[in-house]
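Right, one structure below, let's go through it.
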Amino acid sequence: MKYIFGNWKMYLSHAEAVTLAQNLKEHMTSHEHEVVVFPNTISFAAVKTVVDETVMVGAQNVGWTPRGAYTGATSAAVFAEVGASHALVGHSERRHVFGESNEDIRKRLEACIDAGITPVLCIGETKEDRAAGKTEYRLKKQLMHAFEHLNLNGNDMVVAYEPVWAISKGGEGEPCMPEEAERMHIWIQEEIKQYTDQEIPIIYGGSVNAENVLTYTSESHVAGVLVGHASTKHDAFLAIIAAAATT
Ligand code: PGA
C-alpha cells in the first residue's frame, strides 16, 4: 500500500475540479492505495460529494482555532465536519509565499489533531539551504517545532519531504534524485524517533509524474508521493496510481 496524494493547489477552476473528481470516480480501478486529493476550499464539498468513497479528500490549509474572528480562514473543525480526512500543513508555498512560520504550522498541526484530521506535515530545504550545507539543519528545526511535546492522541500523521527546489512551478521541475530522497527519508525517520514511537509514513513530493513515480515508490523508505501539477490531469494522476500499484 502506498500513499498517493494529489495537491491541486490553485491550478483548477471550480468546474475543472468537479470534472477531475468525476473522472477519478469513473476511471479509478486500483483501490489498494490510500489516495487523497486536496482541492481548493470552495470546491471541497462538491469534490467530496462527487468522489464519494473512491478517494479521500483533504484540505490544502486549515485555520488554527475551531471558530472565532478570523476573516478569510476555514477551521480544521469545519473541514472535518464536511468530511476532510487529511490536511496539508506547512506546505512550502504556505511557508514561503504566505509567510507561515514554524509556530503557525505547529498551531495548525494541533488544530488538525483536535479535529481528528490526519495532518500531512510538509518539510523541505531551499536551494540556498542545500548550497550552504544546511539541509539537515533546516529539516531538524522544522521537525522539532512540529513534534516536540506534540500529543498525537492516537491520531495518524504523515510527513512529506518536499525539497523546495524540487517543487514545480506549474509543469516541469527539477526532481530530487530517488536515491537522495531515500537517504533523506532514512534521516527524517531517525529524527522523528526522538519524538514519537508512533509510525509516521514519510512520502516524497517535488516534480513527481507518471514517468518517474516508480523510481520513488520502489525505494524502501518512500511510503508514497505528494503530487502537485501532475495530479491535476486525470490521465497523469491515474497513471501515477496505476504505476505505484506495481511496487
Ligand atoms: P509538483 O508539486 O508535483 O508540481 O512539483 C508538489 C507539491 O508542491 O506538493
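Computed from the coordinates by the stated procedures, all read-outs in this text should not be read as laboratory data. These numbers come from a predicted model, not from an experiment. So basically every Cβ, Gly included, is an ideal-geometry build from the backbone, and we count neighbours across all protein chains shown.
Looking at the P(r) of the range 1-69, how many percent of alpha-carbon pairs lie beyond 15 Å?
52 percent
With 14 Å as the cut-off, how large is the P(r) tail for the range 128-173, expressed as percent of Cα-Cα pairs?
Value for the range 128-173: 65 percent of Cα pairs lie more than 14 Å apart.
Hey, could you pull the Cα Rg and Dmax for the range 78-118, both in Å?
10.7, 29
Within the range 77-164, which GluC sites (Glu not before Pro) sit in a loop by DSSP and count at most 10 neighbouring Cβ atoms inside 10 Å?
E148
Would you look at the GNM of the chain, springs on alpha carbons closer than 10 Å, and say which of A210, A15, A236 moves the most?
A15
Multiplying the sequence separation of N151 and T246 by 0.36 nm and subtracting their Cα-Cα distance, what value in nm do you get?
Full-extension gain reported as 30.7 nm.
Could you list which residues have their amide H under 5 Å from that of V225, counting only those 5 or more apart in sequence or on another chain, with H placed in the peptide plane?
Answer set, sorted by chain and number: Y3, I4, F5, Y204.
Kirkwood Rh, Cα Rg: Rg to Rh for the range 65-187?
Radius of gyration relative to Kirkwood radius: 0.99.
If you place +1 on the Cβ of every Lys and Arg, -1 on the Cβ of every Asp and Glu, and leave all else neutral, what size is the dipole of the chain about its Cα centre, to the nearest 20 Debye?
Its charge dipole is roughly 600 debye.
Of the listed pairs K127/K193; K2/K169; K9/K193; K9/K233, which have alpha-carbon separations greater than 22 Å here?
From the list (K127/K193; K2/K169; K9/K193; K9/K233), the Cα-Cα distance tops 22 Å for K127/K193; K2/K169; K9/K193.
Between I42 and A131, what is the label-point separation in nm under the 7 Å Cα-to-beta-carbon projection?
3.8 nm
What translational diffusion coefficient, to the nearest whole µm²/s, does the chain have by Stokes-Einstein, given a Kirkwood radius computed over alpha-carbon pairs, a temperature of 25 °C and 0.890 mPa s viscosity?
Rounded to a whole number, D works out at 137 µm²/s.
To the nearest Å, what is the center-to-center distance of the range 1-27 and the range 85-105, using C-alpha atoms only?
First find each Cα centre; the distance between them is then 21 Å.
Hey, fewest Cβ within 10 Å first, where do C176, C112 land in order?
Starting with the residue having the fewest Cβ neighbours, the order is C176, C112.
Stokes-Einstein diffusion coefficient for the range 39-126 at 4 °C in a medium of 1.567 mPa s, Rh from the Kirkwood formula over Cα pairs: what value in µm²/s?
Reported coefficient: 98 µm²/s.
Any idea what the alpha-carbon Rg over 2.2 N^0.38 Å comes to for the range 119-229?
Cα-based Rg divided by the globular estimate yields 1.04.
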